[in-house]
Amino acid sequence: MKFKSHIVGFEVAGHTGYADEGSDIVCSAVSTATQMAVCGINEVLKLNTETKIKDGYLKFGLSKQDYNNEQAQFILKTMFKTLQDITRQYGDYVKMEVKRDVY
């Protein structure tokens, strides 16, 4: 399957403020979706990536040679759709911005 556009990376910053830390289901959902993508690409597919993780922050990017990797794209597109759903349901707490033609 060929993709019309590729996801080459993402960045997540901050906390949702939906509930107190440790009880925030919205923050947990965003973290789970993004961590699953990172784990799938780094640990299962074993691709070269740039990954930075700290409290309330995650930045991830595929290496240029892996932009066209179909399996990575399936994982990233699934994450994207999941984040869209979370944003639709909890739009007061989650904001999503898509940047096109970054590279």
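The values are calculated or read from the model by the stated rules, or taken from the named source; none is laboratory data. No experiment lies behind these values; they were computed from the predicted model shown. In case anyone asks, the SASA skips ligands and DNA or RNA and just uses the protein heavy atoms, side chains included. Shrake-Rupley method; radii C 1.70, N 1.55, O 1.52, S 1.80 Å.
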Would you mind telling me the share, in percent, of accessible area of the chain contributed by carbon and sulfur at probe 1.4 angstrom?
49
At 222 nm, what helix-only mean residue ellipticity would the chain give, in deg cm²/dmol to the nearest 500, using -39500 (n - 2.57) for each DSSP H run of four or more?
-11500 deg cm²/dmol
Rounded to whole Å², per residue accessible area for the stretch 33-77 with a 1.4 Å probe reads 58
What list of ³J(HN,Hα) values in whole Hz, one per residue of the stretch 69-77 in order, does the Karplus curve 6.51 cos²θ - 1.76 cosθ + 1.60 (θ = phi - 60°) give from phi, with Gly and Pro shown as x?
5, 5, 5, 4, 5, 4, 5, 5, 5
